[in-house]
Every structure is written in structure tokens, then in C-alpha cells.
Amino acid sequence: MNRGKLIALEGIDGCGKSTQAVLLADALRADGHDVLLTREPTDGPTGRRIRAMARSGKRVPAFEELGWFFEDRREHVVEVIAPALAAGRTVLTDRYFLSTVAYQGARGLDWREILARSEGEFPLPDAALLFVLPAADGLARVETRGGPAEPAFEQADFLEKVASIFAALDLPYLVRIDAAGDVDEVAERTRSALAEKLRA
Ligand code: TYD
């Protein structure tokens, strides 16, 4: 059996990737794909610890936070992603290692080093869909859905830094998608950009 495809959805808070992940999963299923939709931070023990920290707004030192995200991803890859790929399934993950590159890079860690380590350790995505939106627009969307749920990460100057690292990435598997506009428009852009990438 062929290895399935791994597709990551990435972007700043409020960029709309979680909504698009659901729509993309539906569209791929309608085309006959066996899709697994999953997310990071995960619902496993390390992921739950990360979410609790993010909600509390109390940050741990950057290197420790980095360790938590790597640990959560290791568990995710071993327990969920790798078995699904081996079974030929299409895996959509709402956030993957480029989130660590951009977010923990924005905390002042060396993002190039995080990227090199990640590419060395984790399966490379066949496509990483990056939903591009100015930080101010992402934050405005976060506000309309009830304010920052995760004050540790959802702050203007911090999200600007995250966005600037995402903007600096130049990777063969990275596909940028303009996340401005209405949901259906962005969904259509997402489907066609992915189809083009997987054909290439
Ligand atoms: P998010 O996708 O916003 O989760 P939810 O849908 O539950 O709100 O992710 C939570 C936060 O974690 C988000 O602000 C980004 C941050 N994050 C990192 O800092 N590094 C990472 O590696 C990942 C996966 C997420």
C-alpha cells in the first residue's frame, strides 16, 4: 500500500485554519479519500498540559515550552500520524512543526535550528498549507469569537513576530494561501492550491 499524504495547516491565531481544516476534510472525503483530521497541541497528556498553560497565561521558560511541543509531537507522530500514513490514509493536521518554528522562534529561540531539528526528526508534510493573514486581522477575529482564549500566545506584538517568521519561510512543501475574504472563497483557494501541489 502507498504511504498516505500528510497535509499540515499552519498560520497565526485567527487565520481561519481550523475552519478550513474541517471544510478541506469534507471535500477530500467527498472525493473518496480516507481522511484523518487531527490537531496539535493534541488531546494527549502533553497537549493537555500545553493548553492549560496557554489558557492560564502563565508562560514557562521558552526552552521548556519548546520541549513540551516536541514531546507532544513525538507522541502524536508515533501514536496517530505514522500509523495512519502507513495505512494509506490522508492525514490533515491542524498545526504541525512549522507552528513550533514560528511561535517558539517568536519567543526568541533560533527558528532555523528548530526547523532543522524538526525536519530531521518528524515526517515531512507533502504539503504545509500556510494561511496568510496580517496579525491585526487575526487578532480581530480572535476578539470577535470572544477574546483571547489563550492569552499566552494571542498578543499583538507576539503574533507580529510569529507572522514575520512564517513570512520568512521558503520550503519546497510550503504553500501560501491568502486567508482574507469569506470562508467559501478561502476554501476554494485551499482546495485548488492543494490539488496543484499534490499534482506537482
Ligand atoms: P491553537 O491551534 O490555537 O489551538 P486551539 O484551536 O485549541 O485554540 O493552538 C494553541 C496555541 O498553541 C496557539 O496559540 C499556537 C500555540 N502553538 C505553539 O506555540 N507551538 C506549537 O508548536 C503549536 C502546535 C501551537
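The values are calculated or read from the model by the stated rules, or taken from the named source; none is laboratory data. Only a predicted model underlies this, so the values are computations on that prediction, with no experimental measurement involved. Cβ sites come from the backbone with ideal geometry, for glycine too, and all protein chains shown count toward neighbours. With ligands, DNA and RNA removed, areas are computed over all heavy atoms of the protein, side chains included. Shrake-Rupley method; radii C 1.70, N 1.55, O 1.52, S 1.80 Å.
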Checked pairs for region 183-200, first polar (S, T, N, Q), second surrounded by 13 or more Cβ atoms within 10 Å (Cβ to Cβ), C-beta under 6 Å and 6 or more apart or across chains, list as Thr190/Gln20; Thr190/Leu24; Thr190/Ile177
Please give the number of the condition Met53 fails out of (1) closer than 24 Å to Trp111 by Cα; (2) within 11 Å of the ligand (Cβ to nearest atom); (3) at pLDDT 95 or above.
(3)
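Residues of region 6-18 being closer than 16 Å to Ser192 by Cα and not in a helix (DSSP H, G or I), which ones?
Quick first cut of region 6-18, residues closer than 16 Å to Ser192 by Cα only: 7-9, 17.
Of everything in region 6-18, those that are closer than 16 Å to Ser192 by Cα and not in a helix (DSSP H, G or I) turn out to be Ile7, Ala8, Leu9.
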Let me confirm something: among Ala149, Ala179, Ala140, Ala156, which residue is farther than 25 Å from Pro61 by Cα, of a type in the set (A, V, I, L, M) and exposed (fewer than 15 other Cβ atoms within 10 Å of the Cβ)?
Ala140
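Only one of Leu92, Leu129, Leu85 is under 30 Å from Gly32 (Cβ atoms), at pLDDT 95 or above and either touching a Gly at 6+ places or on another chain (Cβ under 6 Å) or open to solvent by 70 Å² or more (accessible area, probe 1.4 Å) (or both); which? Don't jump to the end; show me each part of the working.
Details: Leu92 fails: either touching a Gly at 6+ places or on another chain (Cβ under 6 Å) or open to solvent by 70 Å² or more (accessible area, probe 1.4 Å) (or both); Leu129 fails: either touching a Gly at 6+ places or on another chain (Cβ under 6 Å) or open to solvent by 70 Å² or more (accessible area, probe 1.4 Å) (or both).
None of the others qualify; the one that does is Leu85.
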Just to confirm my filter: which helices (runs of 4 or more DSSP H) fall fully inside region 86-165 and include at least 3 residues that are in contact (Cβ under 8 Å) with a residue 12 or more places away in the chain and within 11 Å of the ligand (Cβ to nearest atom)?
97-106
Answer yes or no: is there a residue in region 2-16 that is open to solvent by 40 Å² or more (accessible area, probe 1.4 Å), within 12 Å of the chain's Cα centre (by Cα) and touching a residue at least 12 places away in the same chain (Cβ under 8 Å).
no
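For region 19-58, give me the residue count where each residue is part of a loop (DSSP other than H, G, I, E, B) and open to solvent by less than 70 Å² (accessible area, probe 1.4 Å).
Going through region 19-58 one residue at a time, the tally reaches 6.
If I filter region 60-71 for residues that are without any contact (Cβ under 8 Å) to a residue 12 or more places away in the chain, within 24 Å of Leu171 (Cβ to Cβ) and not acidic (Asp, Glu), do I get at least one hit? Spell out how you get there, then give the answer.
First, pick out the residues of region 60-71 that are without any contact (Cβ under 8 Å) to a residue 12 or more places away in the chain: 60-61, 64, 67.
Of the ones still in play, those that are also within 24 Å of Leu171 (Cβ to Cβ) are 67.
With the extra rule that they be not acidic (Asp, Glu), the set shrinks to 67.
Yes, some residue in region 60-71 is without any contact (Cβ under 8 Å) to a residue 12 or more places away in the chain, within 24 Å of Leu171 (Cβ to Cβ) and not acidic (Asp, Glu).
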Inspect all residues belonging to region 63-76 and state whether any of them is of a type in the set (Phe, Trp, Tyr), within 13 Å of the ligand (Cβ to nearest atom), assigned to a helix (DSSP H, G or I) and open to solvent by 20 Å² or more (accessible area, probe 1.4 Å).
yes
